[in-house]
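Report on the following structure.
Derivation of every value follows stated rules applied to the coordinates shown; laboratory data play no part. No experiment lies behind these values; they were computed from the predicted model shown. Cβ: placed from backbone, ideal geometry, glycine included. Neighbour counts: every protein chain shown.
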Amino acid sequence: MTTRLPILAILLAALPASVALAQQPVSAIKATEVVPGIHMLEGADGFAGGNMTLLSGDEHVVLIDDGLGAMAGLLLEKTREIAGRNIDFVINTHVHGDHVGSNAHFAENGAVIVAHDNIRKRLLDNPEFAGGEGGLPVLTFSDAVTFHINGNEAYVFHLEHAHTDGDAAILFKNVNVLVAGDIQFHGLFPFIDLANGGNVAGYIAAQREMLAMIDDETRVVPGHGAITDKAGLRSDLDMLVDAHARVKALVDAGQNEEQILAANPLSIYHDDYNWGFITTERMTRTLIRSLNGDQQP
Ligand SMILES: [Zn+2]
């Protein structure tokens, strides 16, 4: 049995004080139009959780991920302002508390929570991440599910053992938008959650699978970082593939974790990709431990 750590507690503890929840509550939610009818939502002046995506229209309103629970009221207000009514469906891209934290709040306001089977399984052990038992997904899928609403086809598909073991990404085919969830941290070292079934090789395979599904015109919404495109996803993938190869060479040469950290094989990426939550050191440790099959993050 693996030790299951409280992800949100880790996340908040690891964030720099300037963006930690207690120090700087978000006072507003900012919306950016991705294409007509689809907005990306985030904290206007601080960390409200991972990026959220709102599909509004005449038939149904769908929210992909719902941020930290403490932001639920603000988020509900903002989605009503844009969509003109309550959310019908919330889709969770994965189990972390900064993506499912307002589930219970939206369920109380009429939303059906949709997620991969493994998200529900993990939330049954820790329902507080979703705001309590009311936030548990009521509709789950193993491989894929498609929504046909507002003239859009939203293809929700599972990617195995990538960021966690319950990841989903969403492709809006008609309007050419991909919501990658935390299978992309754009311009940031990614968090690959080994303790919750994530894996570096799986993460790379998942990014390749998403790349193969999109074209140069696709708008890509990452789980963290700015809205980007196919070239942006490719550059994040290229970094990770190269970082993985650099660390693998040292693991294969028989070096231990401390020797590899001292060699600092990711130094060339430090200035562009290091951030408060996933530092260059933590990224290096994750790559080593994933290569060694160690489940601890
Ligand atoms: Zn996450």
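Data table
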| quantity | calculated |
| --- | --- |
| Extended-chain gain in nm, criterion 0.36 nm per residue less alpha-carbon gap, residue 109 and residue 212 | 33.4 nm |
| Of 126, 196, 92, the one that fluctuates the most in a GNM where the chain has Cα springs shorter than 10 Å | 126 |
| Straight-distance crosslink candidates among lysines, where the alpha carbon sits under 23 Å from residue 30 and sequence neighbours closer than 8 are dropped | 78 |
| Ranked list, fewest to most other Cβ atoms within 10 Å of each Cβ, for 177, 34 | 34, 177 |
| Quotient of C-alpha Rg and 2.2 N^0.38 Å, computed over the stretch 51-168 | 0.97 |
| Residue order, fewest to most surrounding Cβ atoms within 10 angstrom, among 156, 112, 179 | 112, 156, 179 |
| Once exposed loop GluC sites (Glu not before Pro) are cut out (DSSP; at most 15 other Cβ, 10 Å), longest piece of the chain | 60-159 |
| Rg/Rg_ref, the chain, where Rg_ref = 2.2 N^0.38 Å and atoms are Cα | 0.96 |
| Set of aspartates and glutamates with alpha-carbon distance to residue 173 below 13 Å, sequence-local pairs under 8 removed | 153, 215, 217 |
| From phi via Karplus (6.51, -1.76, 1.60), per-residue ³J(HN,Hα) for the stretch 124-139 in Hz, x at Gly/Pro | 4, 7, 9, x, 4, 4, 9, x, x, 4, x, x, 5, x, 9, 10 |
| Lys, Arg +1 and Asp, Glu -1 on Cβ, resulting dipole of the chain about Cα centre, debye, nearest 20 | 260 debye |
| Gaussian network model of the chain, springs between alpha carbon atoms under 10 Å - residue of 115, 70, 206 with greatest fluctuation | 70 |
